[in-house]
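The values are calculated or read from the model by the stated rules, or taken from the named source; none is laboratory data. Everything numeric here is computed off the predicted structure, so don't read it as measured data. All Cβ positions, glycine included, derive from the backbone under ideal geometry; neighbour counts span all protein chains shown. These accessible areas exclude ligands, DNA and RNA; they are computed on the full protein's heavy atoms, side chains included. Shrake-Rupley method; radii C 1.70, N 1.55, O 1.52, S 1.80 Å.
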Amino acid sequence: MARKLKGMVVKVDLTTEIKMYDEPFYKTIGEDVDGWIEIVRPRDLPEGLVMVVDEEGLIKNKPVNLLGSLFYGHYAPIVGDIVLIREGMTNEGMDFMSLTDAQINFIENILKSLKEDR
């Protein structure tokens, strides 16, 4: 039986969308980041949450994603639309997992604060 995952797309304009993804995840998530996927483990997100970004986003001169860059917490900016999702152990090994409602609320509260500060 094919799995489905719940993730959050965060666009460069800070709008979000909760989406359900079908397998193969590299393809369906890749459509939302508009490119080859790269899994980024941000230091400023709770353990287990990852960002999926366009591996070639910098080369393509995509605009900076403020939330992605804030979460990443390193010197390089995160560019383009991103997908936030969980990563964890499944019966098949390490794989993507759905975001929980609590994780979605956590991210939405940070976005709300960012928008208020602009």
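Numbers below:
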read-out	value
Surface accessible to a 1.4 Å probe, per residue, for the residues of the chain, Å²	59 Å²
Three semi-axes of the equivalent ellipsoid, region 8-56, Cα gyration tensor, whole Å, largest first	17, 14, 12
Counting all C-alpha pairs of region 70-118, share separated by more than 15 Å (%)	63 percent
Amide H partners (placed H, <5 Å) of V12, local residues excluded	D81
Rounded to the nearest 10 Å², the accessible area of K4 at probe 1.4 Å	120 Å²
Value in Å of the Kirkwood radius, where region 36-89 supplies the Cα pairs that are averaged	11.1 Å
Whole-Hz ³J(HN,Hα) from phi, Karplus 6.51 cos²θ - 1.76 cosθ + 1.60, for region 12-28, glycine and proline x	4, 8, 6, 7, 10, 8, 8, 10, 9, 10, 9, 6, x, 5, 4, 7, 5
Range in the chain, longest, excluding exposed GluC sites (Glu not before Pro) [loop by DSSP; at most 12 other beta-carbon atoms within 10 Å]	1-46
Range of Cα positions in the chain per principal axis (Å), largest first	44, 33, 23
